[in-house]
Each structure stands twice: as structure tokens, then as C-alpha cells.
1. Bin all alpha-carbon pair distances of the stretch 82-167 at 5 Å intervals from 0 and give each bin's fraction as a whole percent.
2. Between residue 130 and residue 156, what is the label-to-label distance in nm when each label sits 7 Å out along the Cα-to-Cβ direction?
3. Convert each backbone phi in the stretch 21-27 into a coupling constant with the Karplus relation 6.51 cos²θ - 1.76 cosθ + 1.60 (shift: θ = phi - 60°), then list the ³J(HN,Hα) values in order as whole Hz, x for Gly and Pro.
4. Can you give me the angle between helix 192-205 and the longest principal axis of the chain, using Cα atoms only, in degrees from 0 to 90, rounded to the nearest 10?
5. Under a GNM of the chain (C-alpha, springs under 10 Å), which listed residue has the highest mean-square fluctuation: 205, 197, 130?
6. Any chance you could run the full-extension gain for residue 208 through residue 137? It's 0.36 nm times the residue separation minus the Cα-Cα distance, nm to one decimal.
7. List, in order, the whole-Hz ³J(HN,Hα) value for each residue of the stretch 169-180 obtained from phi through the Karplus relation with A = 6.51, B = -1.76, C = 1.60 and θ = phi - 60°; use x for Gly and Pro.
8. Give me the angle, in degrees from 0 to 90, between the Cα long axis of helix 125-137 and the longest principal axis of the Cα atoms of the chain, rounded to the nearest 10.
Amino acid sequence: MEPLREITAVAAPLLRDNVDTDAIIPSREMKTVSKTGLADGLFAGWRYTAIGGREPDPSFVLNQADFSGARILLGGANFGCGSSREHAVWALHEYGIRAVIAPSFAPIFAANCIRNGLSPVRLPADAVAALAAHVAVDPRSRPITVDMLRCEVRAAAVDGAAALRFPFTFDAESRDMLLEGLDAIDLTLKHRADIEAFLIRDRSARPWIHLGRHNPDRST
């Protein structure tokens, strides 16, 4: 995965509570089991004027010119609730979203984000609202920074508006996965030396457990 250390980008406000995974990627749009080919279906029920169509609804935030190329999404409480479909995160990532800032997330969705290089940043609702108000004045000249090294969200002072800075917390393992671009397998392999040392000890202590494993003299 691509490491995520710091991103400064246009932030699109979608301040709706309980945005579920079926809204993020409707089941009718899940036509692949891979991580690609899903971006067009992102928020399809809101993004297009007709079910199954591709005529953009100009009222939807991601269709507005000011928010084109947004890589940060500002969301409401319980973002990513509903089913556990990982396609929701795949669709967000393929579209270009690398961070979602919201007061809370559904736990499975948040875990899927971390395992796919997308940061679920938890901030209080009033902080999210302050960020949304800041960018609304002129989204393209008021980008938001998500800094995973310092664990803070920032918005620079501009046109007389005060700078914003909001710290957030992240568990160490999830933060390391994002900073280093690690998936769950990569994270395990960081302990390769310990794993191999254990196997050596265990083969000596319990050789019967390892019969047929790594033994060139056996045909099975």
C-alpha cells in the first residue's frame, strides 16, 4: 500500500449522520471482486440523477467544481455503518479519498480503511463543523491537512480567518500501518525473525508436530 504520512488537499463536506456502506457503494454497483472498477459507483445513489444512470446530480458535493479532486471527506457520526462490505473503502480509495474526518465510524468500516491505506480520523462534531465552515468559503484556496506523523488536522490562516488545529488519537498499530503502507500480512511479517526463531525452537521441542514440513526426504 501507499504510505500515508501527511496529505493536504481539498476537503468535501458530506455532513450526514449514519452514512451506510450501501450509500457509499450500492450493491448494484459491485460488479467486481477486485479493488478496481468501483470509483464510478461511489455514492451512486446520490451522485447521479437516476438509478443505474451516470448523469451527474449538480447538487451533490462531489459533482461541484469547487470540490473536484477532493481527497479528504468531512462526514457525520457513525460513518460507514451498515454492512461490512470492504468495497465501500475500495471505492473511496479508487476515487482518490485518502482520509475521512468524522465524529465516529462503524468499527468494521474503520478497520477496513486502515487496511487499505485510508485514514479514518475521529474529531468532535464541533471540530468537523468548524472545518466544513472554513472550507465552504473557498474550498480550493482553503485545503485541509491531515498529518499522521503529528496526529493532527490543520487548516492554515487565510483571508483573515484564524488557523485551525485539532489533535486526534490513533492506536499505535493502526498508525504504523498507515505511515508505513502495511497491510495485515506485512504487519505480521515485521515479526518474521521472531516467527522463524519460534519455529526452530518448536521443531526441536516437538518434532512430531512438524513431520512432513520442510523435509526434503518426504514426498508428501
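Read-outs: derived from the displayed coordinates by stated rules, not from any lab. As the structure is a prediction and not an experimental result, all values here were calculated from the model. We place every Cβ from the backbone using ideal geometry, glycine too, and count neighbours over all the protein chains shown.
1. The calculated distribution, bin by bin, is 3, 13, 23, 21, 19, 12, 6, 2, 0.
2. 2.0 nm
3. My calculation for the stretch 21-27 gives 5, 6, 6, 5, 9, x, 4 Hz in order.
4. The answer is roughly 30 degrees.
5. Sorting by GNM fluctuation, first place goes to 205.
6. This chain segment gains 18.6 nm when fully extended.
7. 10, 8, 5, 4, 5, 5, 4, 4, 4, 6, 5, 9
8. Between the helix axis and the principal axis of the chain, the angle is about 50 degrees.
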